[in-house]
Amino acid sequence: MMPKQCLDPSGHEVDRFVRIDNKGTIDYISFRLPNRTGAFQNDLYLPFQSNTPASDYAEWASGVDKPAQMMQLHEGMEDTELHSQKKSAFLAKLNKPVATLAPKKDDGQSSAVQDKKIADLEF
């Protein structure tokens, strides 16, 4: 299920899901309600928790408990330029081919040298 920030209220979209199958295909499933008048229906979009934190680290560490900041979709809400950039960056990551591991060529180092390197890296 996608976050509520990703919905398109101008198209009367109430939910959006992402389905990934075993073949690597990504499908976006959009649930839209029919609206004969085309008017915005505020009761379909209840307030939800936003992505912005309610308090900073110092307040949280001191034990201050604040309620979550709420957000609500409203009429005329469209993608901002920043949201569009994040969306295109996310889609670009999805379209990247998956890296495969190839067997490493033997570079001539002995296993003792490699074991010492591993031991140096361990805590």
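A few points about this structure:
- Number of the condition not met by C6 [criteria: (1) surrounded by 13 or more Cβ atoms within 10 Å (Cβ to Cβ); (2) at pLDDT below 85; (3) over 16 Å from L73 (Cα atoms)]: (3)
- Restricting the first member to segment 19-36 and to residues that are within 17 Å of M1 (Cβ to Cβ), and the second to residues that are assigned to a strand (DSSP E or B) and among the acidic types (D, E), the beta-carbon pairs closer than 6 Å and six or more apart or on different chains are R19/D27; S30/E13; F31/D15; R32/E13.
- Those residues of segment 48-67 which are exposed (fewer than 12 other Cβ atoms within 10 Å of the Cβ) and of a type outside the set (S, T, Y), in sequence order: N51, D56, A58, A61, G63, V64, D65, K66, P67
- Within the option set D43, D79, being of a type in the set (D, E, K, R), part of a loop (DSSP other than H, G, I, E, B) and at pLDDT below 85 holds for one residue only, D79.
The values are calculated or read from the model by the stated rules, or taken from the named source; none is laboratory data. None of these values were measured; they are calculated from a predicted model. In this analysis, Cβ positions are derived from the backbone assuming ideal geometry, glycine residues included, and neighbour counts consider all displayed protein chains.
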